[in-house]
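*Asks:* The structure's right below; bear with me while I get my questions together.
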Amino acid sequence: DSELSEDLQEMDRRQVEATAIAQRIHALMESGYHVLDKKTGEYIIHWSSPNKAKNMEMSIYYVKTQDFEHFTEPAVLYEKEDSGIIDSCMVEEDGVFYLWVKSDKNPCGVIMLKSDCITGPFERMPEFDEEMTGLEGGSGAYEAPTACRLKDGSYCLMLDYFGVRGKGQGYVPFLAKD
């Protein structure tokens, strides 16, 4: 029966997609791509993936969990209207969530956003864009942001300087007190 065959194919496709999502979430948990929302006690785990609603341009997605065993359905965390984005990193400071992503264009490079809510909406921080344009190689030569708080309370933002070959290539630290 062809109807039954189509149903089995659809069920099999959904099972493969669910398994792939579960494997991706597990890998992201181990990689540190999760942030605690102190208001709700939930963690979000975030990653970049093609967005069907944006003609397969990349967007940042998330799921929520309290126990790392049960997860919400994936939802869009941030999408940029004029380009795709990848490489998300988020930190929380005094109830404000800061999100860095690599933008494909306008500008091409890492951008910084902020929100009072872990799931947005996020607003751009143009001061960061201005700082990025002055970097060696230009803002488009950097990607893959990662950040951590240091013992003295300052932050270290690490950006992958992939835009140069040989000596100088790799992660570059940027320190900030605020």
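The values are calculated or read from the model by the stated rules, or taken from the named source; none is laboratory data. This is a predicted model, so every value here is computed, not measured. Here the Cβ positions follow ideal geometry from the backbone for every residue, glycine too, while neighbour counts run over all protein chains shown. With ligands, DNA and RNA removed, areas are computed over all heavy atoms of the protein, side chains included. Shrake-Rupley method; radii C 1.70, N 1.55, O 1.52, S 1.80 Å.
*Asks:* Do you know which residues across region 119-158 are in contact with a Lys or Arg (Cβ under 9 Å, 6 or more places away or on another chain), closer than 30 Å to Thr72 by Cα and not aromatic (Phe, Trp, Tyr)?
*Replies:* Listed by number, the residues that qualify are Thr119, Glu123, Arg124, Met125, Glu143, Ala144, Pro145.
*Asks:* Would you mind stating whether Asp87 is open to solvent by 50 Å² or more (accessible area, probe 1.4 Å) and out of contact with any Leu (no Cβ under 9 Å at 6 or more places or on another chain)? Full working, then the answer.
*Replies:* Values: open to solvent by 50 Å² or more (accessible area, probe 1.4 Å): no; out of contact with any Leu (no Cβ under 9 Å at 6 or more places or on another chain): yes.
So Asp87 fails the test.
*Asks:* Could I ask something else about it? Could you check how many residues of region 94-103 are open to solvent by 10 Å² or more (accessible area, probe 1.4 Å) and touching a residue at least 60 places away in the same chain (Cβ under 8 Å)?
*Replies:* Here is the first cut: in region 94-103, the residues open to solvent by 10 Å² or more (accessible area, probe 1.4 Å) are 94-96, 98, 100, 102.
Next cut, touching a residue at least 60 places away in the same chain (Cβ under 8 Å) only: none.
Residues in region 94-103 being open to solvent by 10 Å² or more (accessible area, probe 1.4 Å) and touching a residue at least 60 places away in the same chain (Cβ under 8 Å): 0 in total.
*Asks:* Identify all residues within region 115-151 that are open to solvent by 70 Å² or more (accessible area, probe 1.4 Å) and assigned to a strand (DSSP E or B); write none if there are none.
*Replies:* Glu123, Arg124, Arg149
*Asks:* Additional query: Scan Asp94, Asp104, Asp67 and give me the residue that is among the acidic types (Asp, Glu) and closer than 15 Å to Ala144 by Cα.
*Replies:* On the way: Asp94 fails: closer than 15 Å to Ala144 by Cα; Asp67 fails: closer than 15 Å to Ala144 by Cα.
Result: Asp104 is the single residue among Asp94, Asp104, Asp67 that is among the acidic types (Asp, Glu) and closer than 15 Å to Ala144 by Cα.
*Asks:* For region 104-114, give me each residue that is assigned to a strand (DSSP E or B) and open to solvent by 20 Å² or more (accessible area, probe 1.4 Å). Before you say what the answer is, go through the steps one by one.
*Replies:* Keep residues of region 104-114 that are assigned to a strand (DSSP E or B), which gives 109-114.
Within region 104-114, Met112, Lys114 qualify.
*Asks:* Related question: Restricting the search to region 52-71, which residues are in contact with a Gly (Cβ under 8 Å, 6 or more places away or on another chain) and open to solvent by less than 50 Å² (accessible area, probe 1.4 Å)?
*Replies:* The first filter runs over region 52-71 and keeps only residues in contact with a Gly (Cβ under 8 Å, 6 or more places away or on another chain), leaving 54, 57-59, 66.
Residues satisfying the conditions are Lys54, Ser59.
*Asks:* Related question: Out of (1) open to solvent by less than 60 Å² (accessible area, probe 1.4 Å); (2) under 18 Å from Tyr43 (Cα atoms); (3) out of contact with any helix residue (DSSP H, G or I) (no Cβ under 8 Å at 6 or more places or on another chain); (4) not aliphatic (A, V, I, L, M), what's the single condition that is false for Pro74?
*Replies:* Only one criterion in (1) open to solvent by less than 60 Å² (accessible area, probe 1.4 Å); (2) under 18 Å from Tyr43 (Cα atoms); (3) out of contact with any helix residue (DSSP H, G or I) (no Cβ under 8 Å at 6 or more places or on another chain); (4) not aliphatic (A, V, I, L, M) is unmet by Pro74, namely (3).
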